[in-house]
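So the structure is just underneath, and the comments pick up after that.
The values are calculated or read from the model by the stated rules, or taken from the named source; none is laboratory data. It should be emphasised that the depicted structure is a prediction, and the values quoted were computed from it without experimental measurement. Glycine also receives a Cβ, built like all others from the backbone with ideal geometry; neighbour counts cover every protein chain displayed. For accessibility, only protein heavy atoms count, side chains too; no ligands or nucleic acids. Shrake-Rupley method; radii C 1.70, N 1.55, O 1.52, S 1.80 Å.
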Amino acid sequence: MNIVKDSSPKETSPKETSPKRGPNMLVLGALAVLACTFLGIAVVIGLMTTKAPIAGSGNSNTGPEPSADNPPGAVIVDVPWDHLHHIDSFEMKNQDGEKFSTAQFSGEKPYLVSFFFASCPSICRDLNKQVASLNEQLKKEDVAFVTITVDPDRDTPEVLSEYAQGFDAVSPRWTFLTGQQYKIKQVGEQMFRVEVVDMANHTDNIMLVDKWGKYRDRFKWDDPYDMKRLVNVVKEVAAETKPPLGKTVRTRNAMVGREPIDLSTVQYLREFHLYTSEEKPFFSRDLTGEVWIANFFFTSCPTICKLQSKYIEGLQNRLGEHPTKLVSITTDPVTDIPATLREYARDHNADPDRWIFLTGNEKVIPRVGSEFFSAMGGVGHHSTELFVVDKWGNVRGRFDWQDAAQEVEMLSLVDSLWNESRPPGEFKRIDGGSKQDESEFEEEDDE
């Protein structure tokens, strides 16, 4: 991995022929030299009394000195913990040739993720020397280190085992992982949103995942100030005994609260961004810390959707003071613009604080259905099923609202999810007994 230096040619001026200097020219030259000398002295004095600005500080005159709280060039922001990106557990093979899943850390300990390849002669070795140093500095903390190869064809478990021995790395405290290339790219690019391209180009970040599965922060491994910050943040995160719901945290994670501009680069949607009937942006992570029930519909549907919406209206009333939210997502966003949804919501006496109607990009909504909910969400598609989502953004069950027994099961699940104090490491999604396959949904004929 090479650092490209600026090799552009220096600008040169064509040679000019200087006129002959007479006595007046010599006097003027001497005066100019004196003026430059005094100006130079003034500049030096000014620099001695003024602190140099820090890159990216936004202040051209003054700025904080580099420190663990303010690494040079870093943008550290305060954000709601609820809006941090969630990292699903992933599974690969470790240096011992055994299956290794990060699910074991859920609710137990934070872990740090980095990428490398064993045949790298310099930078990757320096990276892992830094990880070894962090391992030593954090030896009293219950934290894990996960180092993933970007060269799985060469980095077999046997190769990784020998490499790990050179750093006294023992799994699960410090685990080296390998697996299929697509899975490695999925973890890097889809979960952590960093480039994992090939051996010549991979991220220089160390990423921190907290006990609760949130992408808490990222650090530059070759920045000594950021490494000091890492140690401080990890100690703080390791000391947490419960998810910091509703609290604000400091992070360098620039992706917080943002969606990729081009969703075609994201192969799997773990969260989604749509718009409410009030024309306000809605992030699925806005409901972190709350349990919610979702459904798919479209306003022009004359049969199933109308009956389903009537059912949800009744459910809203029966829930009373119960905090569970209801979220209805249109599968016909071209027709169901915010104004249309507002009228539909009024017709069904929807409480805007309880029942949210969503619309958005016609290419995004089918992906929300198929990838987030594992359901069909294309134009004209809908189902008789409701989906229960937990506090952490996981779809935990689907139920047919027309089946009384399944409704009881759904409401029982909702109550149990409200009692969860931490996200589960692993779970099995509850199917309310529907005879339909996940990919089989009723389609209403427009005619």
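Annotation: Ser161 carries an accessible surface of approximately 30 Å², with a 1.4 Å probe and no ligand, DNA or RNA atoms counted.
Coupling constants for region 384-401 follow from the phi torsions by the Karplus curve (6.51 cos²θ - 1.76 cosθ + 1.60, θ = phi - 60°), and in residue order they are 8, 9, 10, 10, 9, 10, 7, 4, 9, x, 9, 6, 9, x, 9, 9, 8, 5 Hz; glycine and proline get x.
Within 10 Å, count the other beta carbons around each residue, average over each peptide in 405-412, 326-333, 90-97, and list them highest first. Walk me through the numbers before you get to the answer.
Details: 405-412: 16.6, 326-333: 24.6, 90-97: 18.1.
Ranking, from highest mean packing down: 326-333, 90-97, 405-412.
Quick one: which residues, 5+ away or cross-chain, put their amide H under 5 Å from the amide H of Gly397? H built at 1.01 Å from N. Close amide H contacts, sequence-distant or interchain: Val388, Ile430. Once all protein chains are placed together, Ser277 keeps about 10 Å² accessible to a 1.4 angstrom probe.
In this view, the solvent-accessible surface of Arg218, computed with a 1.4 Å probe and all protein chains in place, comes to about 50 Å². Kindly identify region 119-231 as rounded, prolate or oblate by the Cα gyration tensor criterion: order the square roots of the eigenvalues as a ≥ b ≥ c, call it rounded if a/c is under 1.5, otherwise compare a/b with b/c, prolate if a/b is larger, else oblate. Note, shape of region 119-231 comes out rounded.
How would region 286-332 be classified by its alpha-carbon gyration tensor: rounded, prolate or oblate, with rounded meaning a/c under 1.5 and the a/b versus b/c comparison settling the rest? Taking the square roots of the gyration eigenvalues as a ≥ b ≥ c, region 286-332 is oblate.
When only Cα pairs below 8 angstrom with a gap of at least 6 residues are kept, region 101-194 shows a relative contact order of 30 percent.
How large is the charge dipole for region 313-397, taken about the Cα centre, if only the Cβ atoms of Lys, Arg (+1) and Asp, Glu (-1) carry charge, to the nearest 20 debye? Walk me through the numbers on the way to the answer.
Values: 9 positive and 12 negative charges, 47 e Å.
Once rounded to the nearest 20, the dipole reads 220 debye.
Ordering Thr303, Thr102 from largest to smallest accessible area (1.4 angstrom probe), what's the sequence? Write down the numbers at each step before the final one.
Working: Thr303 60, Thr102 5 Å².
Most to least solvent-accessible, the answer reads Thr303, Thr102.
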